[in-house]
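Notes follow once the structure below has been shown.
The values are calculated or read from the model by the stated rules, or taken from the named source; none is laboratory data. Quantities reported herein were computed from a predicted structural model and do not represent experimental measurements. In this analysis, Cβ positions are derived from the backbone assuming ideal geometry, glycine residues included, and neighbour counts consider all displayed protein chains.
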Amino acid sequence: MTDGAVTTADPLRQRIVERLAGTTPGGDPSVAWGTGLTPEQTAHIRKHLPTAYARAAVLIPLVERADGLTVLLTQRATHLKNHAGQVSFPGGRIEPTDEGPLAAALRETREEIGLDARCVSLAGFLHDHVVISGFVVTPVVGFVRPAFELHLDRTEVDEAFEVPLEFVLDARNHRARERTFAGLTFQTYDIPYGNRNIWGATAGMLLTLRHMLRDGT
């Protein structure tokens, strides 16, 4: 054990390594889990979404704490145009100068919260997620060594905080709720934690990770 981190023998860490081994950026967003949508509902909603999407990437940072993995999340600034005040992963638009989603996720993470890319080791990728605001997002999963410092860009992020990964993955902590879009009512899931609520695309990506760890698809 180094710097108070979990060891590589940690069963949950090992499962993540095994399930995400060989994954690549992309994939069909319709097979991403966590939204609760059927294929028919997904097709209906897509008819009312933009025909062209901007590409984006986020980092799902799994911090290797001594008592288990945690998920590092941000509370977005309340004045932002997109997803103001929401709990999110660090990340953003993939720029032409980025060498793919991994580079974009690490760059955006450094810019938003000051996390040095040298503290992050790649675990793999989840299926792309479509976000109603007009983005196709590639989730990049990475292990983070706990000896790091954060420097938040207050124009984008109000706070950064950690949630135990075991808590996030436990279905007993998931709360179903109905949402309506384009005349269609469907079920999504929230993950309340203390006085915060993880919902929307962020919750969907975490539930996609849960599904991959459980079923491997």
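For residue 127, the conditions (1) closer than 30 Å to residue 41 by Cβ; (2) assigned to a loop (DSSP other than H, G, I, E, B); (3) out of contact with any Asp or Glu (no Cβ under 8 Å at 6 or more places or on another chain) are fulfilled apart from (3). Screening the candidates 149, 111 for the property of being part of a loop (DSSP other than H, G, I, E, B) and not hydroxyl-bearing (Ser, Thr, Tyr) yields one hit, 149. Residues in region 46-66 that are of a type outside the set (Gly, Ala, Ser) and at pLDDT 95 or above: 58, 59, 60, 61, 62, 63, 64, 65.
Within the span defined as region 113-124, every residue fails to be over 17 Å from the mean Cα position of the chain (by Cα) and β-branched (Val, Ile, Thr). Looking across region 144-157, just one residue is closer than 24 Å to residue 69 by Cβ, surrounded by fewer than 14 Cβ atoms within 10 Å (Cβ to Cβ) and touching a residue at least 40 places away in the same chain (Cβ under 8 Å), and that is 147. Selection of region 68-101 for residues being at pLDDT below 95, in a loop (DSSP other than H, G, I, E, B) and farther than 15 Å from residue 137 by Cβ yields 77, 78, 79, 80, 81, 84, 85.
Just so you know, in region 28-45 the residues that are touching a Leu at 6+ places or on another chain (Cβ under 8 Å) and at pLDDT 70 or above include one that is surrounded by the most Cβ atoms within 10 Å (Cβ to Cβ), and it is 45.
Residue 3 satisfies every condition listed in (1) over 20 Å from residue 168 (Cα atoms); (2) charged (D, E, K, R); (3) modelled with pLDDT of 95 or more except (3). Considering only residues of region 161-217 that are among the β-branched types (Val, Ile, Thr) and part of a helix (DSSP H, G or I), which is surrounded by the most Cβ atoms within 10 Å (Cβ to Cβ)? Across region 161-217, the extreme among qualifying residues is 202.
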